[in-house]
């Protein structure tokens, strides 16, 4: 499975649990998937989609969690992964 497919699988599951990540879908189109994720992770504000997934108990579907998977290591910097991991830990999710 390539990265785009991995993100699509997560997004389908998000929709199945009642959350349609419209803003992220738009960002993917305008900026590309990797750049959109990097932008979300770099933001000092917690993205509303992350909060929604936390409220639904599904941070496993978050981009912050997905980029921790070893197969995507070459797409993100150590700093990207570190920020994403901190956000997950701040919300009680251990990767």
Would you say residue 21 is crowded, with 16+ Cβ neighbours inside 10 Å and within 17 Å of residue 9 (Cα to Cα)? yes
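In the range 48-66, which residues are part of a loop (DSSP other than H, G, I, E, B) and surrounded by 13 or more Cβ atoms within 10 Å (Cβ to Cβ)? Spell out how you get there, then give the answer.
Of all residues in the range 48-66, those part of a loop (DSSP other than H, G, I, E, B) come to 56-58, 62.
56, 58, 62, listed by residue number.
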Pairs returned, first residue in the range 16-29 that is over 20 Å from residue 5 (Cβ atoms), second residue that is outside any helix (DSSP H, G or I) and at pLDDT 95 or above, beta-carbon separation under 9 angstrom, 6 or more apart or interchain, are 18/56
Exception for residue 45 within (1) loosely packed, with under 11 Cβ neighbours inside 10 Å; (2) in a helix (DSSP H, G or I) falls at (2)
The lone condition residue 86 fails out of (1) touching a helix residue (DSSP H, G or I) at 6+ places or on another chain (Cβ under 7 Å); (2) over 15 Å from residue 3 (Cβ atoms); (3) at pLDDT 95 or above is (1)
Note on the range 67-95: residues more than 11 Å from the chain's Cα centre (by Cα) and assigned to a loop (DSSP other than H, G, I, E, B) are 69, 76, 77, 91, 92, 93, 94, 95
With criteria (1) crowded, with 19+ Cβ neighbours inside 10 Å; (2) more than 19 Å from residue 18 (Cα to Cα), residue 90 comes up short on (1)
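The values are calculated or read from the model by the stated rules, or taken from the named source; none is laboratory data. None of the values given here were measured: they were computed from a predicted structure. With ideal geometry, Cβ positions are generated from the backbone for all residues, glycine too; neighbour counts draw on all protein chains shown.
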